[in-house]
Amino acid sequence: MDLNADLGEGFGRWTLGADEALLDIVTSANVACGFHAGDPSTMHRICAAAVERSVAIGAQVGYRDLAGFGRRRIDYDPDDLRDDILYQIGALEAFSRVAGGRVGYVKPHGALYNTAAVDDVQAGAVVAALNAYGGNLPLLCQPGSVVARLATAAGLPVVAEGFADRGYQADGTLMPRSAAGAVLHEPDEVVARTVRMATDGEVETGTGQVVAVPVASICVHGDTAGAVQLAARVRAGLLAAGLLVEPFVRTRPSPAGSAGGGPDRRR
């Protein structure tokens with residue numbers, strides 16, 4: 001089972017989260033690419049630290065929305081959204097290569113993640129960007145989502161993701177952050193939910209229903225209070241349940257030095 005976190009979400013002199021500490025715990029790093037958060041120096045630093053720890057690097061692509069942290073929906077022209085995503089992947093790939101690594105996958109951030117889960121137009125733009133970039137990059141996204149369906153139909157690798165510290169709705173989507181219970185903080189509850197997702201492929205919603213969430217990667221958010229301690233508890237819980245915690249993609253380029261290579265199917 002892979003364990004991922006959103007990292008590099010500061011900007012300039014403003015910092016957010018304990019990136020280096022989380023990199024000692026997670027197996028995959030969703031690195032902000034400068035649109036919803038992040039900047040060149042931060043991207044460079046996170047990529048170098050990830051490679052040093054054999055943590056997989058993923059492009060955390062989002063809306064062009066620094067002020068809103070990418071959590072406000074924007075109705076893009078789909079071609080513009082495709083190109084914005086391509087731009088972000090390419091920028092992170094440069095810093096990954098300088099560090100001796102590679103961009104191993106792509107994960108939409110925030111409002112783009114939630115919108116692409118239900119909206120054919122924006123989901124199509126995400127898939128179009130991945131197709132245009134090439135290299136068979138896996139897409140990390142919500143299982144059963146529109147973007148997962150379109151990516152699979154396009155022949156792209158899809159890695160299903162569950163959220164350790166987020167509340168779910170009856171349709172398997174995440175609760176809006178404005179709703180009570182949308183973000184979970186109690187460690188024992190978070191660990192128990194995570195292990196259930198990882199071993200049984202299901203989660204209990206805020207209203208007590210059980211929905212299927214067959215996942216290969218678990219996300220812990222790096223921008224919440226106590227994130228490092230919570231991530232450590234989640235990792236320990238997965239290991240105690242007998243799961244191997246490791247990245248779902250190679251952390252370094254293939255011998256040929258290509259940007260592609262596809263996912264490593266180990267769990």
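The values are calculated or read from the model by the stated rules, or taken from the named source; none is laboratory data. This one's a predicted model, so the numbers in the text were calculated from it and none came from an experiment. Using ideal geometry, Cβ is built from the backbone for each residue, glycine included, and neighbour counts are taken over all protein chains shown. Side chains included, ligands, DNA and RNA excluded: accessible areas come from the protein's heavy atoms. Shrake-Rupley method; radii C 1.70, N 1.55, O 1.52, S 1.80 Å.
Against the test of being of a type in the set (Lys, Arg) and farther than 22 Å from residue 123 by Cβ, the options 53, 64 yield a single qualifying residue, 53.
Restricting segment 158-199 to residues that are open to solvent by 60 Å² or more (accessible area, probe 1.4 Å) and in a helix (DSSP H, G or I), the residue that is farthest from residue 71 (Cα to Cα) is 199. Residues in segment 45-71 that are in contact with a helix residue (DSSP H, G or I) (Cβ under 6 Å, 6 or more places away or on another chain) and either closer than 20 Å to residue 176 by Cα or among the hydroxyl-bearing types (Ser, Thr, Tyr) (or both) were compared, and the one that is most open to solvent (accessible area, probe 1.4 Å) is 71.
Okay, residues lined up against (1) of a type in the set (Ser, Thr, Tyr); (2) modelled with pLDDT of 95 or more; (3) in contact with a His (Cβ under 8 Å, 6 or more places away or on another chain):
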| site | (1), (2), (3) |
| --- | --- |
| 20 | no, no, no |
| 40 | no, yes, no |
| 46 | no, yes, no |
| 70 | no, no, yes |
| 79 | no, yes, no |
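What are the residue pairs meeting all of these: first residue in segment 63-82, first residue closer than 17 Å to residue 33 by Cα, second residue exposed (fewer than 12 other Cβ atoms within 10 Å of the Cβ), Cβ atoms under 9 Å, and 6 or more apart or on different chains? If the second residue must be exposed (fewer than 12 other Cβ atoms within 10 Å of the Cβ), no pairs are left.
Regarding segment 211-234, can at least one residue be identified that is within 16 Å of the chain's Cα centre (by Cα) and among the basic types (Lys, Arg)? No, the conditions are met nowhere in segment 211-234.
Against the definition (touching a strand residue (DSSP E or B) at 6+ places or on another chain (Cβ under 9 Å) and in contact (Cβ under 8 Å) with a residue 60 or more places away in the chain), how does residue 184 come out, yes or no? Considered against the rule, which asks whether it is touching a strand residue (DSSP E or B) at 6+ places or on another chain (Cβ under 9 Å) and in contact (Cβ under 8 Å) with a residue 60 or more places away in the chain, residue 184 comes out as no. Take the conditions (1) in a strand (DSSP E or B); (2) at pLDDT below 95; residue 9 misses just one of them, which is (1).
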